[in-house]
1. Expressed as a whole number of Å, what is the distance separating the alpha-carbon centroids of segment 72-130 and segment 26-49?
2. Taking a temperature of 25 °C and a viscosity of 0.890 mPa s, what whole-number D in µm²/s does Stokes-Einstein yield for segment 72-130 with Rh from Kirkwood over alpha carbon pairs?
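Every number in this text was worked out from the coordinates using simple rules, so none of it is lab data. Quantities reported herein were computed from a predicted structural model and do not represent experimental measurements.
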Amino acid sequence: MKFSRLFASAGLAALALVPAAQAAPASPFGMWQTVEGDARFDVKACDGTADEICATLVWLRDDAHSPENLQLMNQLVVWDAKPTAANRWRGMVNYKGHVVKGSLTMLGVNSMKVTGCKFVLCETMEFERL
């Protein structure tokens, strides 16, 4: 698996297609993994401020140990994501080795998606809470 595929499945424009949750905001904080189970991320408040979300790649399944992915281990892959609506944040994403604007959207208490776009190419990736 290439890490770029993680954000290809979005790294963060398909946001307009995701309906905003009507329920109370769900917390994005905690440990998450891709639905494929090949990577895990620690999602925390950036620099201790609960208004900004950051995500760090903390684990890769053995078959995901490509040089590209290993360079991102223990690095921020989402940062400075600020709330834009209930259950939705926009910030910066490492998308295929490029820093692009992206979004994080809670789809439910235990599921979220991250979308990243470079020009008109957007990719979305879904995550499940551990």
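1. Segment 26-49 and segment 72-130 have Cα centres spaced 10 Å from each other.
2. Working: Rh = 11.8 Å.
Rounded to a whole number, D works out at 207 µm²/s.
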